[in-house]
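Encoded as structure tokens, the structure appears first; notes follow it.
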Amino acid sequence: MKTRLLLLTLLFALAPLLAEAQTKTNYGRHPGRNGALTDEEMKMARTAWKYFERNYQDTTGLVNAADMFPSTTMWDIAAYMAALVSVRELGIIDVGTFNYRIEKMFATFMRLSFFRGEMPNKCYNTITGEKVNYGNQPMEIGYSAIDLARFLVWCKIIKERYPEHSDRIDDFILRWNFKNVIDSTGMLYGAGINEKDNNKTQYLQEGRLGYEEYAAKAFQLWGFQTDLAAKAEPYDTRMIYGVEIPYDTRDPRVLGAHNYVVSESYVLDGVEMNWDKGTDRESDDMHSTDKTIADFAQRIYKVQEERYKRTGIMTARTEHQLDSDPYFVYDAIFTDGYPWNTITEDSRYVPQFAAVALKGALGLWALWETKYTDALFNYIKGAYDPEIGFNEGIFERKGNDRIKAFTMNNNGIMLETLLYKVQGKLLRFSGRDSKWDKVLRERKEPPGSYIYERQRKPTQAATTNR
Amino acid sequence: MKPAFNLTTLPFFALPFLSLPLLRSLGMAIVAVFALVCVSCGVAVRAVDEGAEKVGAAFQEGRRGRLTEDEIVWAKTAWKYFENNYNPQSGLVNIKDAYQLVTMESTADYIVALMAARELEVISKHEFDSRLSLVFGFLNTMPLAFDELPNVNYNAVSLRPTDYANNYGTIGWAVNHVGRLMNVLRLLRNRYPQYGEYADRVVLRWAFCNIVDAQGNLYSAVNVNGKPEKYLDAKHGWKEYTARGFKTWGFPTDASTSIEPAETIRIYDVELYFDGKDERESGGNNAVNSMPYFLMALEYGWENIPYLAIDKRYYDQMQAVYEVQKRRHEREDIFTARATHEVNTEPYTVYDAIFSNGYKWTTISSQGVYYPFLSAVSTKAAFAMWAVFKSDYTDQLMLIVNHLFDPARGWYEGRLEKTGDAVRTLTCATNSAVLEALLFKKTGRLYTRAKEENDLYNIYLRDEFKVISRCFPVKPK
């Protein structure tokens, strides 16, 4: 009796400690920065959220991908979902607001018109919800496997975290027709219109090293087989500042698709999936199971730090928007043959647009706790407009002026990066059996098998937006 | 990370060439002794630099000895080009088959071919003399661009300056061409001192103020409204070869004999230098390919002659350029001997490089357009490599090159990588290189030392009134 009492007392005494241990299990040690946000970081999160308040369209529940430009892509919608989860978790919005926004958006999704009835179109008008081209004119133009993949990652994150939204997410994804987006070898294909061939749909292999593996894992999260795309090959390395930087060897001169090596794909893979395999449901955050990508990510960080050490140039390279022509650049660590190359979609060399991209800088800051990323944080923390959100970047060129463009992707990634500091790997599995799982089972087919209604041979040509 | 291929053994390669006649006469015994010496050297080097791999393989033996019957046929075939493309009115030889244009580079190639044909006994001394006389006559009378330096092109018949389409007009000078001619004139005047004074006069006609500065930077020039507009020219590879040409005539070349500014690229664990000036900013290309390194080797040997001091890393590069091409064959089963070569269709000249403009094993036009189907085994690169590196690889390489000729017209440019078909273009450069490689086999490096203090060139340089304000090197009296 006496012993039992003693044990009970002990238990009571230990209760707070055990509770703390419990939170530590939820948000265990993870690579890079750990812990609650500082006041400065919270202020940063609130500023980034400004973008989503200002650019929200209540007609559809969508948010403009660029400030005051009422258009968005599936990739950018994912950035919005990332922002929503982040501000909810950080206590910037309440659950009611979160639910309202999610419900509103998915109501739009349920009546969304797809590209030729297959998959969500590349772009939509955020006011009308219509399919549009990149110029926001109503028309269907194709779909991007990479954009859809990023959307799938965030659908997965939300349905695993918040079961109340699981069914409406699954209902939407069950509208998709996966038969042409993945082939039997597990390669990913985007779709476009071939104007030279009676406007037939043209499926082209999509994804280059970094993005391709991220996208392959995204499809794996939903039960699809993407083995070939998930492989890092084909790649080679280029020695830059003593670091062997991997790049995709599919030749941009022949295939047209650039093989840019940038921070973003590795940062997203780290923040959202901890550089784990798409099939990994187990490992702790200090252990990455996609060893190749984890290793490549280290090199991507190292070479940028090394550039700063050797040249004094603040470096956090990724693709980013501009406030003037050409509006978008691949601002790469390496692409199309050259280190520290900055090119347009049509391969023009535009070194004057090289910049520290804020989303890249904050991503490095969250995933690598070093003096260099401290410096990066201080370098970018003031680059915002209190009414609009964070600038896209800070130019490398003389004067270090800011890119006066504000985008959903940038502010969304900054928010999820801040949440990563608190929580680690953002994708958490509930182990729950979802509607998606049940539907797939009822078809009595292994997940993904119904996508092979029409088996296509991989085509030679390739194109990609990301 | 695998260790980089690093050539730290180069000084030892110089050994056999310091005493070539001796080596030849003593034969295998000396070779064996040398091999022993070098093995121990290799071990010592390995201890110092663990990054070096395949130290033994880096040992390089040039191909030397009497020409075989086949090789004599090869030489005679190459000479066919110079017979067929000889313009009796002027005495000059076309740069390309039936294209009546010459450059300083093609003229230099012709002089090399003449020397080789004479020494390989393809032509008589009399024919050599009569042909060379006409070349001297041209070089010592040709109108100079801006009264300073040879124009880029001349009509091979009328000998008047022409533009790129061979229409009359002054377009400027190309420092690489001038440098190549200065190298070859030096080889010629030292090899045949009796002709020295006429070679000296060719160089003494020129003004150097705008082509080389006090630091040794080299400039080409284009004609802008009748005045030369000069620009820094020559990128790594040809830059050092060109600088060596200037250096042999006593000009300051420090800025150009150094391989800096250089960047490195690693291919099959072989580290190669390429020009550090960004060609996206400066234009042109930064092609790394065989010829400048192998020509330097054929002409000046492996010795780092103090008089001709050049960055030691240039010799590392020569080794690496060979090694990386050999490894491509080993690993990909693609015969590789890359050089800029000509084709009969657009774009006519292709930079068929080990590395250029960001890509390895690339083939581009002067505009930077990618022509992957024009990649080729270059005949001239294969011959030069065969002469400089006696190895299984160059033996095998020669088996796919040694029939690439038209018996009546000379050697073709090469063999296409993607199809195996021949590139049936005939050029002065390729046929000259075949002869040069064969001459090397017979006599060793083309450069011979000569006493130069009392030659015409130096007598002029000591007389300040003779070369006044034309920026020749200052010689003490």
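No value in this document is a laboratory result; all are computed from the given coordinates. This structure is a prediction, so every number in the text was calculated from the model and none was measured. For neighbour counting, all protein chains shown are included, and Cβ atoms are generated from backbone atoms with ideal geometry for every residue, glycine included.
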Below 26 Å, Cα to Cα, which lysines can B:Lys442 reach? Residues fewer than 8 away in the same chain don't count. B:Lys76, B:Lys80, B:Lys125, B:Lys326, B:Lys380, B:Lys390, B:Lys451
Which of A:Lys179/A:Lys425; A:Lys309/B:Lys230; A:Lys217/A:Lys309 have a Cα-Cα distance over 32 Å? A:Lys309/B:Lys230; A:Lys217/A:Lys309
For segment B:229-320, what is the convex hull volume of its Cα atoms per residue in Å³? 102
Dipole axis of segment A:66-119 (+1 Lys, Arg; -1 Asp, Glu on Cβ), positive-most option in A:Leu84, A:Thr108, A:Gly96: A:Thr108
Can you pull the one-decimal nm distance between simple spin-label points at A:Arg281 and B:Thr443, each 7 Å off the Cα toward Cβ? 8.1
Restraint check, A:Lys404/B:Lys360; A:Lys122/A:Lys200; B:Lys227/B:Lys466, Cα-Cα greater than 27 Å: A:Lys404/B:Lys360
Taking a point 7 angstrom from the Cα of A:Phe395 along the C-beta vector, which residues in segment A:282-309 have backbone N less than 16 Å away? none
Reference-scaled alpha-carbon Rg (2.2 N^0.38 Å with N residues) for the protein assembly as shown: 1.15
Residues listed by number, segment B:372-403, amide nitrogen under 18 Å from A:Val254 label point at 7 Å toward C-beta: B:372-377
Note: A:330-338 gets an average of partner chain Cβ contacts (10 Å, Cβ to Cβ) equal to 2
Sorting check: for B:90-97, B:186-193, A:329-336, B:405-412, which peptide has the highest mean count of neighbouring beta carbons within 10 Å, and how do the rest follow? A:329-336, B:90-97, B:186-193, B:405-412
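What translational diffusion coefficient, in µm²/s and rounded to a whole number, does the Stokes-Einstein relation yield for chain B at 4 °C and a viscosity of 1.567 mPa s, taking the hydrodynamic radius as the Kirkwood radius over Cα pairs?
57
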Unit-weight point scatterers at every alpha-carbon of segment A:254-308, Debye formula, q = 0.21, 0.26, 0.27 1/Å: log10 I(q)/I(0) is -0.80, -1.01, -1.05
By average C-beta atoms within 10 angstrom, highest first, the peptides B:210-218, A:94-102: B:210-218, A:94-102
How big is the dipole moment of chain B about its Cα centre under a simple scheme where the beta carbon of each Lys and Arg is +1, that of each Asp and Glu is -1, and everything else is neutral? Debye, nearest 20, please. 840
Starting from the Cα of B:Leu399, step 7 Å along the direction of its Cβ; do the same at A:Phe429; then give the gap between the two resulting points in nm. 5.6
In 20 Å bins starting at zero, report the fraction of Cα pairs in chain A per bin as a rounded %. 25, 59, 14, 2, 0
Among B:Leu188, B:Thr363, B:Phe383, which residue has its Cα positioned farthest towards the positive end of the charge dipole of chain B, with +1 placed on the Cβ of Lys and Arg, -1 on the Cβ of Asp and Glu, and the dipole taken about the Cα centre? B:Leu188
Could you give the dipole magnitude of the protein assembly as shown about its Cα centre, charging the beta-carbon of Lys and Arg +1 and that of Asp and Glu -1, in debye to the nearest 20? 880
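For a Förster distance of 22 Å, can you work out the FRET efficiency between the beta-carbons of B:Asp406 and B:Glu121, rounded to the nearest 0.05?
Working: r = 23 Å, r/R0 = 1.02.
Efficiency, rounded to the nearest 0.05: 0.45.
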Where does helix B:125-139 land angle-wise versus the long Cα axis of chain B, in degrees 0 to 90, nearest 10? 60
Relative to the first principal axis of the alpha-carbon coordinates of chain B, what is the inclination of helix B:379-388, with its axis defined by its Cα atoms, in degrees from 0 to 90 and to the nearest 10? 60
Could you list the GluC sites (Glu not before Pro) in segment B:380-462 that lie in coil according to DSSP, counting only those with at most 14 other Cβ atoms within 10 Å of their Cβ? B:Glu453
Per residue convex hull volume, Cα atoms of segment A:162-284, in Å³: 150
For the Cα atoms of chain B, what angle does the longest principal axis make with the long axis of helix B:312-332, in degrees from 0 to 90, nearest 10? 60
Inter-chain Cβ neighbour average for residues A:237-243, partner chain, 10 Å: 2
At 222 nm, what helix-only mean residue ellipticity would chain B give, in deg cm²/dmol to the nearest 500, using -39500 (n - 2.57) for each DSSP H run of four or more? -13000 deg cm²/dmol
Given the peptides A:171-179, A:300-308, arrange them by the average over their residues of other C-beta atoms within 10 Å, most packed first. A:300-308, A:171-179
Residues of type aspartates and glutamates that B:Lys312 reaches as a straight line, Cα spacing below 14 Å, ignoring anything fewer than 8 places off in the same chain: B:Glu240, B:Asp254, B:Glu260, B:Glu303
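For chain A, what is the mean residue ellipticity at 222 nm derived from helices alone (per DSSP H run of n ≥ 4: -39500 (n - 2.57); sum divided by total residues; nearest 500 deg cm²/dmol)?
-13000 deg cm²/dmol, from helical runs alone.
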